[in-house]
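Novice: Quick one: the structure is below, and I'll ask about it shortly.
The values are calculated or read from the model by the stated rules, or taken from the named source; none is laboratory data. For clarity, every value in this text was computed on a predicted model and none was experimentally measured. Virtual Cβ from ideal backbone geometry, glycine too; neighbours counted across all protein chains shown. Heavy atoms of the whole protein, side chains included, go into the accessibility calculation; ligands, DNA and RNA do not. Shrake-Rupley method; radii C 1.70, N 1.55, O 1.52, S 1.80 Å.
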Amino acid sequence: MSVRRVVRRWGGTAGLALLILLVLQVLGEWVLAGKGIIAAPTHVIEALWDDRALYGANVPTTLETAAKGWAVGNAAAIVVAGIAQSVAWTERPALLLGLTVFSIPGVALAPVLEVTLSGNAPGSVLAGFFVFFPTLILTLLGLRQADPGALLVARAYGAGRWRTLTKVRARAALPGIVTGLSMTVPAALVGAILGEFIGASSGLGVMLIDAMYGAQVDLVWGVAAVTTALALAGYYIVRYVGRLLNPWSPPLDASATASALDLTRRDGRSRLVRIIETLASIGLILLVWWAAIPVFHLSDYVVKNPGDVVNYLVGSSGSAVLSQIGITLADAGLGFCVGIAVGWVLGVLFVVSPATGRAVLPIAFVVSSIPAIVFVPIVTLLLGRGSLSAGAIAAIVTFFPVLVNTMFGLRSASGDTLLFFRAHNASLWQTLWRLRLPIGMPAMLAAARISAPLAVLGATLAEWLATGRGLGYLIVTAFVNSNYTQMWAAAVVLTILSIVFYSVLSVVEQVVLRRLGVAGAPSSGQRAWHTVLARIGGRRERAPEETPQLGNAWFEAH
Amino acid sequence: MNLAADMDHPTAGGVVIQGLQKSYRVGGRSFEALQEISLTVASRSFTSLVGPSGCGKSTLLRILCDLEAFDGGRVEIDGCPPHLLRQRHAIGLALQDPALLPWRTVRRNISLPLELARERVSSAVVDELIALVELEHFADARPAQLSGGMRQRVAIARALISNPQLLLLDEPFGALDEMTRQRLNLELLRIWTERPTTTVLVTHSMQEAVFLADQVVVMSGRPGTILAVRSVDLPRPRTVSVLRSPEFHAICDELLEKLFSGGTRAQPVEETVG
Ligand SMILES: Nc1ncnc2c1ncn2[C@@H]1O[C@H](COP(=O)(O)OP(=O)(O)OP(=O)(O)O)[C@@H](O)[C@H]1O
Ligand SMILES: [Mg+2]
């Protein structure tokens with residue numbers, strides 16, 4: 001009985017996984033044998049065993065680097081979220097900070113950190129950067145989701161902002177925090193490995209780079225498998241501990257991230273105020289950058305200030321950087337388009353055919369928790385060292401968040417609306433076209449928006465490691481050649497590119513939603529809040545037209 | 001009056017339910033939600049369904065519009081099984097949640113069933129319905145700009161657009177405040193008088209049930225059975241003055257007594273048909 005249920009639930013997934021392994025085995029063993037592209041799973045396992053000492057020496061380094069960054073980045077995110085929630089005016093700067101951190105491509109950051117920090121610190125900082133934003137958003141979302149009734153009770157008993165935060169909101173935020181902590185484990189590993197790519201002497205990143213340049217296929221696939229296993233193990237351990245700490249509510253659905261991002265434009269402040277805030281934040285970042293060099297006694301040979309960067313870019317050699325923009329834009333754009341197209345199409349497919357979704361989704365999840373970085377050598381082996389590889393990496397990095405959020409959006413049609421469509425004998429296609437797609441559109445577009453910086457990261461990673469052109473490559477060559485002004489300039493341009501990409505998408509998103517008439521409805525959380533307020537205040541919002549006139553007769557009759 | 005007309009022609013159609021049986025599996029055990037339900041609803045008559053929460057009213061309605069399979073018995077609407085009716089787009093449905101599409105205007109929400117039936121949408125027909133529910137000034141508004149009561153009126157107009165053979169209303173005003181409900185009941189009565197349609201209404205208010213209906217069905221729960229079926233012979237067209245009549249109160253009191261004496265299974269007070 002229960003065996004049958006397990007088979008029904010996991011049978012498809014297991015079958016699919018076996019099939020994939022079998023195909024890899026056939027390809028690696030016979031079809032593409034010796035071509036140095038695909039390693040047969042059995043060979044990977046053999047190699048893992050043979051190289052166990054190597055892994056034993058390198059895995060702990062990477063784990064330590066990742067864990068440090070993971071812990072500090074998440075702690076910072078939770079603290080910042082708490083401050084943003086309790087001190088109203090800090091909210092917008094906090095979200096802007098998070099967004100900036102999220103948009104800075106790791107490829108731009110890695111060399112910059114390498115020249116300013118030492119040891120494994122760059123990897124830890126990168127890991128911290130990668131985990132900060134998701135956890136910030138999920139914590140804020142959790143804090144906001146506190147039951148309005150419980151909040152009112154707390155307030156009625158005289159609890160101030162701080163006590164409300166600790167007694168009610170912090171509890172409500174736990175599911176979000178657990179999701180953030182678990183979801184960011186793979187990202188922390190990516191950060192650590194990326195940090196090890198340049199300058200480190202040991203770690204999985206070093207192994208991966210060596211294996212890649214030495215064309216050791218078994219080793220490349222082995223490192224990929226080990227990293228994925230570590231990411232998944234970390235993910236499940238954190239979830240398990242989270243459930244022990246917080247048994248009464250399950251972790252938040254990770255797909256809530258994209259919808260939570262609407263936090264950034266939910267306030268009613270005027271456009272002017274928002275522009276001023278944004279400019280002030282940019283000014284602050286520039287000021288900190290400028291001041292940090294003398295304050296921390298950084299060498300102005302390796303650390304350039306904003307003035308140097310601007311001078312370089314407008315000067316004669318600036319075109320070396322500016323000419324690469326188009327290439328990176330094309331790489332990231334290609335991957336972005338493919339990634340969101342695949343994510344959207346699969347999302348629709350999995351919602352229309354839930355059985356397919358149940359079978360494929362766990363595999364898509366495993367693929368998504370493979371730290372993006374290990375795809376680079378594999379994809380390069382498969383697709384060569386051209387733009388195609390860069391696009392493929394960018395697509396792999398973007399598709400999963402888009403897929404999950406699309407499914408989340410398409411499924412958010414209310415039960416009664418679905419009943420209505422069924423009672424009217426609506427076809428699958430009609431339900432999809434007239435109900436699910438419009439309802440899911442905000443989540444689908446939000447997912448595309450948050451995928452933009454990821455696409456830039458994926459593309460530049462591939463440029464750096466594989467294609468040998470574009471901003472990603474330029475940054476690393478500048479680093480290797482000690483051309484630090486060029487390195488800083490390229491990093492700044494790349495960051496701006498990523499932020500502009502994100503901003504353009506959010507404008508497109510708002511225009512599309514307004515055109516479709518989907519935007520503007522208050523979120524259900526807000527609505528619930530208004531209802532509670534209205535009830536407490538003894539007033540009910542009603543259109544004037546609705547004032548009861550005839551209804552009085554009913555009362556008179558009784 | 002409609003009821004009387006149909007009693008002369010018992011084969012004219014309407015809803016016939018005989019020995020309907022429905023059980024759910026909950027936690028591996030079978031649980032009988034509806035047991036031996038037999039009921040007749042005359043064509044173009046109005047039937048109200050009252051009963052304690054969880055007694056299976058919504059389940060019965062879902063069976064009538066083929067959203068739920070049943071385990072035994074017979075269900076026919078105008079001589080057809082529910083699934084044929086559904087395939088012919090001949091069912092109108094309004095639920096407690098108006099379930100409007102927020103991105104569509106009132107007009108486009110109302111015409112949705114015609115689109116789903118791949119029928120031509122005639123704006124004259126839509127306008128007529130908008131006028132019927134008195135939303136002329138809001139034809140191009142979106143649901144977010146309407147009050148709860150107005151949204152519910154849109155839902156009712158939408159349920160009527162395809163000229164359904166069977167109109168199913170599951171607590172359509174359940175989420176509204178008392179006064180709005182009463183006002184909408186009067187409107188529903190007016191709309192129904194203008195377009196008599198075979199209607200089954202689920203409600204929690206006995207006054208509402210009696211005031212609107214030709215026949216009131218009182219159910220009891222666990223398992224869901226029919227306690228009483230009472231025909232309401234108050235004259236139509238009914239106005240608010242009916243609410244003051246002693247006959248009205250007598251019927252309400254009689255049925256409320258049945259409802260509260262529930263639990264023990266009583267014989268139907270009076271069989272309307274047959
Ligand atoms: N999908 C389902 N699976 C299992 N049990 C169900 C399901 N739907 C309804 N039930 C059970 O069937 C019974 C009748 O439910 P139904 O929704 O029809 O009640 P109701 O009379 O409409 O109640 P209310 O007045 O509260 O709306 C309930 O006990 C409910 O638990
Ligand atoms: Mg019900």
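Novice: Please work out whether the range A:1-147 counts as rounded, prolate or oblate from its C-alpha gyration tensor, where a ≥ b ≥ c are the square roots of the eigenvalues and a/c under 1.5 means rounded, while otherwise a/b larger than b/c means prolate and anything else oblate?
Specialist: Values: a/c = 2.76, a/b = 1.51, b/c = 1.82.
Here the range A:1-147 falls in the oblate category.
Novice: Provide the buried accessible surface between chains A and B in square angstrom, both chains summed, 1.4 Å probe, rounded to the nearest 100. List each step's numbers first, then the result.
Specialist: Numbers: alone 27750 and 13060 Å², together 37010 Å².
Roughly 3800 Å² of accessible surface disappears when A and B pair.
Novice: Using Cα-Cα distances under 8 Å and only pairs 6 or more residues apart, what relative contact order does chain A have, in percent?
Specialist: On the way: 769 pairs, mean separation 98.8, N = 558.
Value for chain A: 18 percent.
Novice: Right, something else. Using R₀ = 35 Å, calculate the FRET efficiency as 1/(1 + (r/R₀)^6) where r is the Cβ-Cβ separation of A:ASN311 and A:GLN510; round to 0.05. Kindly include the intermediate steps, with their values, before the conclusion.
Specialist: Details: r = 36 Å, r/R0 = 1.03.
Between A:ASN311 and A:GLN510 the formula returns 0.45.
Novice: Helix check for chain A. Which DSSP H runs span at least 30 Å along their own axis by Cα, with a mean Kyte-Doolittle hydropathy no less than -0.5? It would help to have the intermediate numbers written out before the result.
Specialist: On the way: long enough: A:2-26 (34 Å, 1.07); A:52-86 (50 Å, 0.59); A:121-144 (34 Å, 1.64); A:217-245 (42 Å, 1.30); A:271-295 (36 Å, 1.67); A:325-352 (40 Å, 2.14); A:387-410 (33 Å, 1.73); A:437-462 (35 Å, 1.49); A:484-516 (48 Å, 1.36).
Qualifying helices: A:2-26, A:52-86, A:121-144, A:217-245, A:271-295, A:325-352, A:387-410, A:437-462, A:484-516.
Novice: Could I have the simple spin-label model distance between A:ALA75 and B:SER241, label points 7 Å from Cα toward Cβ, reported in nm to one decimal?
Specialist: So the two model labels end up 8.1 nm from each other.
Novice: Return the Rg/Rh value of the range A:34-557, two decimal places, where both radii are evaluated on C-alpha atoms and Rh is the Kirkwood radius. Write out the running numbers ahead of the final one.
Specialist: Numbers: Rg = 25.0 Å, Rh = 24.8 Å.
Reported Rg/Rh, Kirkwood definition of Rh: 1.01.
Novice: Let me ask something else. Mind checking which of A:PRO442, A:ALA81, A:ALA154 is farthest towards the positive end of chain A's charge dipole, using Cβ charges of +1 (Lys, Arg) and -1 (Asp, Glu) about the Cα centre?
Specialist: With unit charges placed on the Cβ atoms, the residue in question is A:ALA154.
Novice: Among all the lysines, which ones have a C-alpha under 22 Å from B:LYS22's C-alpha, if same-chain residues fewer than 8 places away are not counted?
Specialist: B:LYS57
Novice: Show me A:441-451, A:367-377, A:126-136 ranked by packing, highest mean number of other Cβ atoms within 10 Å first. Display every interim value, and only then the final one.
Specialist: Details: A:441-451: 24.7, A:367-377: 22.5, A:126-136: 26.9.
My ranking of the peptides, most packed first, is A:126-136, A:441-451, A:367-377.
Novice: Let me ask another. Top to bottom by accessible area (1.4 Å), largest first, where do B:HIS89, B:HIS249, B:HIS137, B:HIS204 land? Before the final figure, lay out the partial values.
Specialist: On the way: B:HIS89 30, B:HIS249 55, B:HIS137 175, B:HIS204 110 Å².
Highest to lowest solvent-accessible surface, that is B:HIS137, B:HIS204, B:HIS249, B:HIS89.
Novice: Which one of A:ALA127, A:THR228, B:ILE156 has its Cα pushed farthest toward the positive end of the charge dipole of the protein assembly as shown, where Lys and Arg give +1 and Asp and Glu give -1 at the Cβ?
Specialist: With unit charges placed on the Cβ atoms, the residue in question is A:ALA127.
Novice: How much accessible area per residue does the protein assembly as shown have, counting only protein heavy atoms and a probe of 1.4 Å, in square angstrom? Mind showing how you got there, number by number?
Specialist: Working: 37010 Å² over 832 residues.
Accessible surface, normalised per residue, equals 44 Å².
Novice: Share of the protein assembly as shown's accessible area from carbon and sulfur, percent, 1.4 Å? Before the final figure, lay out each step's value.
Specialist: Working: 23230 of 37010 Å².
For the protein assembly as shown, the apolar C and S fraction of the accessible surface comes to 63 percent.
Novice: Next up: Sorted by accessible area (1.4 Å probe), largest first, how do A:LEU465, A:LEU516 line up?
Specialist: The ranking, largest first, comes out as A:LEU516, A:LEU465.
Novice: Express in whole angstrom the spacing between the alpha-carbon centres of the range A:9-65 and the range A:477-497.
Specialist: 36 Å
Novice: Now for a separate question. Could you work out how far helix B:148-160 tilts from the main Cα principal axis of chain B, as a 0 to 90 degree angle to the nearest 10?
Specialist: Helix B:148-160 sits at roughly 80 degrees to that axis.
Novice: What is the average number of partner chain Cβ atoms found within 10 Å of a Cβ in B:113-122?
Specialist: Values: counts 6, 1, 4, 10, 4, 2, 0, 0, 0, 0.
The shielding value for this peptide is 3.
Novice: Only Lys, Arg, Asp and Glu count, each charged at its Cβ (+1, +1, -1, -1), so figure out the dipole size of the protein assembly as shown about its Cα centre, rounded to 20 debye. Mind showing how you got there, number by number?
Specialist: Working: 67 positive and 57 negative charges, 141 e Å.
Here the size comes out at about 680 debye.
Novice: Ok, one more. Need one value for B:181-188: mean number of C-beta atoms belonging to other chains within 10 Å of its residues' C-beta atoms. Don't skip to the end; give the middle numbers.
Specialist: On the way: counts 3, 8, 9, 3, 3, 4, 1, 0.
The mean count of partner-chain Cβ atoms within 10 Å per residue comes to 4.
Novice: If one takes the longest principal axis of the Cα atoms in chain B, at what angle in degrees, from 0 to 90 and to the nearest 10, does the Cα axis of helix B:123-132 lie?
Specialist: Its long axis makes an angle of about 60 degrees.
Novice: Could you tell me how many degrees, from 0 to 90 and to the nearest 10, lie between the Cα long axis of helix B:246-261 and the main elongation axis, the longest principal axis, of the Cα atoms of chain B?
Specialist: The two axes meet at around 60 degrees.
Novice: Select from A:ILE198, A:THR184, A:TRP433 the residue farthest towards the positive end of the dipole of chain A; place +1 on Cβ of Lys and Arg, -1 on Cβ of Asp and Glu, and compute about the Cα centre.
Specialist: A:TRP433
Novice: With a point put 7 Å past each Cα toward its Cβ, work out how far A:SER201 is from B:GLU128 in nm, to one decimal.
Specialist: With each label point 7 Å from Cα toward Cβ, the separation is 8.9 nm.
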